[in-house]
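Everything on this sheet refers to the single structure shown next.
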Amino acid sequence: MGKKIPPFLRPLNLLRRNYQTKNHPLPTQQLAAIPPPPPPPQQPYSASSDKRTKKNSLQPSPSTKPIFTSRSLTDAKKTFDYILSTSPFPLDTRHNNSLLESYTQVATLDDSISFLAHMRKKQPSFSPDSSTYNVMFCHPCKLHLEFVDDISIVRKVLDFMAADGFSPGHGTVDLAVRSLCSVGREERAIMLVKELSAKYSPPDIFTYNFLVRHLCKTMSIDSVYGFIDEMRDSFSVKPDIVTYTILIDSVCNRKNLREARRLIGVLGEAGFKPDAFLYNTIMKGYCTLNRGSEVVGVYNEMMAKGIEPDVVTYNTMIFGLSKVGRLDEARKYLAVMAEMGHFPDTVTYTSLMNGMCRKGDAIGALRLLGEMEGKGCEPNSVTYNTLLYGLCKSRLLDKGLELYEVMKSKEMKLEPASYATFVRMLCREDKMAGAYEVYDYVVESKSLTDVAAYEGLENELKWLKKAKAKAQGIA
């Protein structure tokens, strides 16, 4: 005896069998499968999670074949009429939402609205809920809003929703804002947020921070500040610690470290206490600008404010100091790091090795590798590539060859810089067989593309040929 079908799946199974009979050919459309009902709304955002779940938002099932494969509204209406007339049971809201979702994947937002109106006309018992309207924002905005010059289509859905007695909730507003931003309509997203804030209620903090983050990527920082000020003054939406974190990260990426330090002060005045993550972001900005010496000042400021540094803080400091050649000071903080209960990791040691190789102390970096392994810290591909590059730059080819054999035994990939430097040294030391062997390994291990690996070797062979010809001419 076969397995019993759960009660909630039996109607869908009957539908599938009914559609597959030869007595009922489908009009125009090929009805491939009936998607399952949309999932129930997920739990709302909790403070302990970084991921936001939207109420009443519908996400398509990647394994479900769509019913509608054409954006033709006429064909969609005929298909729905056929399903309605042949269904052995009344279609409920979940089934109708699934049909609407399938059509929105291929249709424009305007056609999706028309299709919904047709569904309601043909089935008076169908009462849309908020999920019905939310589903229309999941697909068509990305596909077709790039051809729309304003937000009239979005407004149309929201007005249609309001006419049915559903005020656009936070989930609906969030979907609309994300859809507009996904097709480069940031100005219209701002317009929509202001309009809905005045008409209904302001967006929640998650939508607000999403929009701020997106604006930081696409607009000037002054424009972002203007939006924040207007939302605070007109709608009492105030930035929180996440907002300030987004702003500080943005100005650091723009290499405006002075503004980042100013924002730390503004954050404190607003009643928020900066954390290690914010200071780590500023330290990273200084390192990007090759101003690693200034990370010490940021660290001292953290300690003065009673903010406990974490392992990322110390790794960033050691990286910045090593990068500018202050290796003794970097080693000092290696000891401080251990005293504070943060054990050096692969990033810590690799940063120190990089600084030592920059100063020409590749042998010292090699000794540090032994110390690292002795303490149970496993080096990774970046560590070995850093050392290989440093050894070749210091013309210690024999040591480089030994290290390369270790990398091969561990099946590690070569990075472009270390590969180019290694091949250059082999060619200039007239070790052509070794250079070709390294080329073969890089291709086999897929460290680089065939073209990139060949070009690296070819460039060195051309240089060697010219050097030999020049030497013969002089002789």
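The values are calculated or read from the model by the stated rules, or taken from the named source; none is laboratory data. This structure is a prediction, so every number in the text was calculated from the model and none was measured. Cβ placement follows ideal geometry from the backbone for every residue including glycine, while neighbour counts extend to all protein chains displayed. Note: areas computed on protein heavy atoms with side chains; ligands, DNA, RNA excluded. Shrake-Rupley method; radii C 1.70, N 1.55, O 1.52, S 1.80 Å.
Once the other residues with Cβ under 13 Å from the Cβ of G364 are scored (Lys, Arg +1; Asp, Glu -1), what is the net sum? Net of charged neighbours comes to +2.
Which shape class, rounded, prolate or oblate, goes with the range 328-377 when its Cα gyration tensor gives a ≥ b ≥ c as root eigenvalues, a/c under 1.5 marks rounded, and past that a/b bigger than b/c marks prolate?
Working: a/c = 2.35, a/b = 1.41, b/c = 1.67.
Taking the square roots of the gyration eigenvalues as a ≥ b ≥ c, the range 328-377 is oblate.
Couplings 3J(HN,Hα) for the range 368-382, derived from phi with the Karplus relation 6.51 cos²θ - 1.76 cosθ + 1.60 (θ = phi - 60°), are 5, 4, x, 4, 4, 5, x, 8, x, 9, 7, x, 10, 4, 5 Hz, where x marks Gly and Pro.
Calculation over all alpha carbon pairs of the range 82-212 in 5 angstrom steps from 0 returns a P(r) of 2, 10, 21, 23, 18, 12, 7, 3, 2, 0 percent.
Given +1 on the Cβ of Lys and Arg, -1 on the Cβ of Asp and Glu, and no further charges, what dipole in debye does the range 308-400 carry about its Cα centre, rounded to the nearest 20?
On the way: 11 positive and 11 negative charges, 111 e Å.
The dipole of the range 308-400 has a size of about 540 debye.
Residue by residue, the range 348-361 carries 3J(HN,Hα) couplings of 4, 5, 5, 4, 5, 4, 4, x, 5, 5, 5, 8, x, 9 Hz when phi is fed to the Karplus relation 6.51 cos²θ - 1.76 cosθ + 1.60 (θ = phi - 60°); x denotes Gly or Pro.
How many percent of Cα pairs in the range 276-426 exceed 18 Å?
Details: 6502 of 11325 pairs.
Cα-Cα pairs in the range 276-426 separated by more than 18 Å: 57 percent.
Annotation: per residue accessible area for the range 355-432 equals 49 Å², rounded to a whole number [probe 1.4 Å, protein chains only]. Stretching A276 away from S394 to a fully extended chain increases their span by 38.7 nm, per 0.36 nm per residue minus the current alpha-carbon distance.
Semi-axes of the equivalent ellipsoid for the range 154-291, computed as √(5λ) from the eigenvalues of its C-alpha gyration tensor and ordered from largest down, come to 32, 15, 11 Å. Other residues lying with their Cβ under 13 Å from the Cβ of K408 contribute a combined charge of -4, Lys and Arg counting +1, Asp and Glu -1. Taken per residue, the accessible surface of the range 151-244 reaches 42 Å², heavy atoms only and a 1.4 Å probe. Across all C-alpha atoms in the range 181-262, the radius of gyration and Dmax reach 12.6, 39 Å. Each semi-axis of the equivalent ellipsoid for the range 149-227 is √(5λ) with λ an eigenvalue of the Cα gyration tensor; in descending order they amount to 22, 13, 10 Å.
Label zone of W463 (point 7 Å out along Cα→Cβ, amide N under 14 Å): in the range 399-437 this covers 417-431. Per atom type, the range 362-471 shows carbon and sulfur on 53% of its accessible surface, probed at 1.4 Å.
What does the charge count near N315 come to, summing +1 for each Lys or Arg and -1 for each Asp or Glu among other residues with Cβ under 11 Å from its Cβ? Walk me through the numbers on the way to the answer.
Numbers: positive: K284; negative: D310, D345.
Combined, the nearby Lys, Arg, Asp and Glu give -1.
If you wrap the tightest convex hull around every Cα atom of the range 82-140 and split its volume per residue, you get 73 Å³. Here the range 66-88 is scanned for amide nitrogen atoms under 14 Å from the site 7 Å beyond the Cα of H118 along Cα-to-Cβ, giving 68-85.
Out of the range 373-471, which trypsin sites (Lys or Arg not before Pro) are coil in DSSP terms and have no more than 16 other C-beta atoms within 10 Å?
On the way: sites: K375, K393, R395, K399, K408, K410, K413, R424, R428, K431, K446, K462, K465, K466, K468, K470; in loops: K375, R395, K410, K413, K431, K446.
In loop regions of the range 373-471 (DSSP not H, G, I, E or B), the sparsely surrounded trypsin sites (Lys or Arg not before Pro) are K375, R395, K410, K413, K431, K446.
A 22 angstrom limit on the alpha carbon distance is what I want to check against. Which of K217/K273; K332/K375; K431/K462 exceed it?
Table pairs above 22 Å Cα-Cα are K217/K273.
Per-residue 3J(HN,Hα) values for the range 316-331, derived from phi via the Karplus relation 6.51 cos²θ - 1.76 cosθ + 1.60 with θ = phi - 60°, read 5, 4, 5, 5, x, 5, 5, 5, 9, x, 8, 6, 5, 5, 4, 5 Hz in sequence order (x marks Gly and Pro). On the principal axes of its alpha-carbon atoms, the range 383-435 has extents of 27, 20, 19 Å, going from largest to smallest. Here the range 162-249 has 51 percent of its accessible surface on carbon and sulfur atoms, given a 1.4 Å probe and all protein chains in place.
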